[in-house]
Amino acid sequence: MVLKIYGFPFSTATRLVVFVCKEKQIPYELITIDLFKGEHKQPAYTKFHPFGQVPYIDDDGFILFESRPIVRYLLKKHASQGTQGLLPTDPQAEARAEQALSIEASSFDPNVSGIVAELYFKPQRGLSTDEANLARLKETLNEKLDAYEVILGKQKFLGGDSITVGDLAHAPYGTLLETVGQGEFFTSRPNVARWWKEVTSRPAWEAVKAECVL
Amino acid sequence: MVLKLHGARMSTCTRTVAVVARELNVPYEFVDVDFAKAEHKSPAFTAVQPFGQVPYIDEDGFKLFESRAISRYLAKKYAGQGTKLIPTDPKDEAVFEQGVSIESSNFYPHAFGFAFEKVFKARRGLTTDEARAEEHLKTLAAKLDAYDVILGKQKYIGGNELTLADLFHLAYTQFLITLGQGDLFESRPNVARWWKEISNRPSWLAVKDGA
């Protein structure tokens, strides 16, 4: 049975799962959950995802949610096909890839998602931007990306000299950050800019952006 | 050479690595990072940890930061000793990772957010945004409702065995309790049962008041 991804085409977490499926040449079926109609909060959905978020996968009856565990599971299951090295097996290389994924989850995602919420999602819902919060989030993101600039001056990617899932995980929210006019976070830092261009120019990411539309 | 844990005794993330090391029976040498002297922002420190945060480990020259990455590395390297903290069966491992992600995406941002408003801001001379603090608590309560459902179906947050996913909750839950928010956990029967069990493990009792 083909892998089923229950998600939303513009959801960053859904896009990460699709990105990894494309990198690893894993066939999948993306079933759209209508977030605008609150489908993700209905009992039929929360039965499988108790937090009422997207996405979750159904891999021949095996249900899993949270995008980073989903991609780890898929990377391990389909290790021999598609792009290699996204989750290394050598203990120290694996630790560095996990360090990179943790950096993304702790230092990048919360600040970027907060900025995007203030600049885009809140106004879309008729709420006003909290300027003080926005300023604080931008300041924090700047500090974090200054550290990225140092790291990426010493090595090609966040987990070492080869691309890993930790780098890929930045693509969905980073692209959204650019869409809301905040691309300067990347372009103003030479090493970050170089890295960002490399991650986002991958054919698999281009394919995600082309395909994951309503 | 014994594992070196560079951190701050009461830092939540430092104590997380400490509790993991103890569960694995991995001896470590605690190396204090002097926050009062801003040692964590010094060039010597940021050369290893560019974000200027604690902890990091130094294992015979191999350095690693991010407490969850460190914990995973130790749990895999020392899988043959102490408590088994990461399952080996692929599906069990995936459910374990789901538990870890639940903590970092659903629990931590609001636990930290609340602590930030009520405690960390004051330390930096900033004023608490009470509305935001309340919002974090409200969200946390809703998240813990989902935890109660999950923990009604499985013994631990990462499956039916104790894993790193449970241990990752220890430091911030304790912090929330000291900030008077214990009822979030006590009022939900499955969450209360789970919390009582994990918080009474000898490994946690040994480090909860200092790594």
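The values are calculated or read from the model by the stated rules, or taken from the named source; none is laboratory data. Everything numeric in this text was worked out from a predicted model, so none of it was measured. Please note: Cβ atoms are built from the backbone with ideal geometry, for glycine as well, and neighbour counts cover all protein chains shown. Only protein heavy atoms, including side chains, enter the accessible area calculation; ligands, DNA and RNA are left aside. Shrake-Rupley method; radii C 1.70, N 1.55, O 1.52, S 1.80 Å.
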Among the candidates B:Gln53, B:Gln49, single out the residue that is open to solvent by 50 Å² or more (accessible area, probe 1.4 Å), modelled with pLDDT of 95 or more, more than 30 Å from A:Tyr56 (Cβ to Cβ) and under 19 Å from the mean Cα position of the chain (by Cα). B:Gln53
Scanning the stretch B:20-41 residue by residue, those within 14 Å of chain A (Cβ to nearest Cβ) and open to solvent by 20 Å² or more (accessible area, probe 1.4 Å) turn out to be B:His40, B:Lys41
Give the residue that is surrounded by the most Cβ atoms within 10 Å (Cβ to Cβ), with candidates limited to residues of the stretch A:1-48 that are of a type in the set (Ser, Thr, Tyr) and over 18 Å from B:Ala146 (Cβ atoms). A:Thr14
Which members of the stretch A:60-102 meet the condition of being more than 7 Å from chain B (Cβ to nearest Cβ), surrounded by 24 or more Cβ atoms within 10 Å (Cβ to Cβ) and part of a loop (DSSP other than H, G, I, E, B)? none
Listed by range, helices (runs of 4 or more DSSP H) wholly within the stretch B:148-211 having at least 2 residues that are over 17 Å from the mean Cα position of the chain (by Cα) are B:183-186, B:189-199
Could you list, ordered by first residue, the pairs with Cβ atoms under 8 Å in which the first is in the stretch B:1-14 and over 12 Å from B:Ile70 (Cα atoms) and the second is hydroxyl-bearing (Ser, Thr, Tyr) and in a helix (DSSP H, G or I), at least 6 apart or interchain? B:Gly7/B:Thr14; B:Ala8/B:Thr14; B:Thr12/B:Tyr172
Out of curiosity, is A:Gly153 within 13 Å of chain B (Cβ to nearest Cβ) and either at positive phi or surrounded by fewer than 16 Cβ atoms within 10 Å (Cβ to Cβ) (or both)? yes
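May I ask you to verify whether B:Ala141 is open to solvent by less than 30 Å² (accessible area, probe 1.4 Å), in contact with a Phe, Trp or Tyr (Cβ under 7 Å, 6 or more places away or on another chain) and part of a helix (DSSP H, G or I)?
no
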Can you tell me which condition B:Val19 does not meet? The list is (1) of a type in the set (Val, Ile, Thr); (2) under 24 Å from A:Ala147 (Cβ atoms); (3) within 13 Å of the chain's Cα centre (by Cα), and all the others hold. (2)
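Mind counting the residues in the stretch B:76-94 that are surrounded by fewer than 23 Cβ atoms within 10 Å (Cβ to Cβ) and more than 7 Å from every other protein chain (Cβ to nearest Cβ)?
Of the residues in that region, 13 qualify.
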